[in-house]
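The values are calculated or read from the model by the stated rules, or taken from the named source; none is laboratory data. Everything numeric in this text was worked out from a predicted model, so none of it was measured. Because the Cβ atoms are built from the backbone with ideal geometry, glycine has one as well, and the counts that use them run over all protein chains shown.
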Amino acid sequence: MGRTGFKTYKRRGEWVELLFMARAAQRGFNVSKPWGDSSRYDVSVEDEGRFRRVQVKSTDVTRGKDGFVCCLKRTGIGYYRIEEVDFFAIYVVRKDAWFVLPAKVVLRLKSNIRVAPGNAKQKYARYEDAWELLRRRGRRAAAEGVPERVKADLEQATLSQG
């Protein structure tokens with residue numbers, strides 16, 4: 001199955017969850033994995049006592065010149081709801097690139113999201129490697145280094161999770 005050599009998407013998904021947890025730990029987050037497969041999120045990250053529920057996804061499917069498409073819905077399972085997940089972390093396997101997006105941004109979509117690592121003009125470029133959004137104070141602190149067009153998204157997400 002592609003470059004990673006996994007026989008199933010489930011195996012690749014488990015590997016990507018481990019990658020996410022390792023990368024988050026490298027950045028100083030405390031990480032936890034819910035027991036079993038019943039939760040609608042894959043990992044929780046904690047910073048200064050604040051927990052964030054993260055759904056981890058991966059893609060290796062090209063779309064367009066430099067883009068990759070990631071499916072946000074699994075067969076037989078309903079769409080995610082804002083009450084179930086705070087963030088989506090999307091890993092682009094071929095590019096070793098992470099996109100960390102607030103659930104409110106992702107849940108506007110119905111089935112797929114297209115990301116293009118390294119392309120500053122693509123719609124979700126501001127979320128590439130946006131690990132600071134997971135921090136308790138990260139949304140406001142990260143906004144200091146984020147373009148003006150993103151600050152409203154960050155503030156709205158902070159207020160909604162208050």
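Quick one: which of Glu132, Glu84 is within 23 Å of Ala24 (Cβ to Cβ), modelled with pLDDT of 90 or more and assigned to a loop (DSSP other than H, G, I, E, B)? First the steps, then the outcome.
Details: Glu132 fails: assigned to a loop (DSSP other than H, G, I, E, B).
Of Glu132, Glu84, the one residue that is within 23 Å of Ala24 (Cβ to Cβ), modelled with pLDDT of 90 or more and assigned to a loop (DSSP other than H, G, I, E, B) is Glu84.
Any chance you could count how many residues in the stretch 106-116 are closer than 12 Å to Arg126 by Cα and either surrounded by fewer than 17 Cβ atoms within 10 Å (Cβ to Cβ) or in contact with an Asp or Glu (Cβ under 7 Å, 6 or more places away or on another chain) (or both)? Write out each step before concluding.
Step one: filter the stretch 106-116 for residues closer than 12 Å to Arg126 by Cα, giving 115-116.
Now restrict to residues that are either surrounded by fewer than 17 Cβ atoms within 10 Å (Cβ to Cβ) or in contact with an Asp or Glu (Cβ under 7 Å, 6 or more places away or on another chain) (or both): 116.
Qualifying residue count for the region: 1.
Scanning the stretch 28-69 for residues that are of a type in the set (Ser, Thr, Tyr) and part of a strand (DSSP E or B) yields Ser32, Ser44, Ser58, Thr59, Thr62.
The residues of the stretch 31-47 that are of a type outside the set (Gly, Ala, Ser) and either over 22 Å from Ile82 (Cα atoms) or without any contact (Cβ under 8 Å) to a residue 12 or more places away in the chain (or both), listed by number, are Pro34, Trp35, Asp37. Screening Gly36 against (1) on the phi < 0 side of the Ramachandran plot; (2) loosely packed, with under 13 Cβ neighbours inside 10 Å leaves a single unmet condition, (1). Restricting attention to the stretch 90-105, which residues are in a strand (DSSP E or B) and crowded, with 20+ Cβ neighbours inside 10 Å? Once the filter is applied, which keeps residues that are in a strand (DSSP E or B) and crowded, with 20+ Cβ neighbours inside 10 Å, the stretch 90-105 yields Ile90, Tyr91, Val92, Trp98, Phe99, Val100, Leu101, Pro102.
Residues satisfying the criterion are absent from the stretch 73-89 (criterion: surrounded by fewer than 18 Cβ atoms within 10 Å (Cβ to Cβ), touching a Ser or Thr at 6+ places or on another chain (Cβ under 7 Å) and either of a type in the set (Asp, Glu) or closer than 18 Å to Glu14 by Cβ (or both)). For the structure I just gave you, tell me whether Arg140 is touching a Leu at 6+ places or on another chain (Cβ under 9 Å), in a helix (DSSP H, G or I) and at pLDDT below 95. So Arg140 passes the test.
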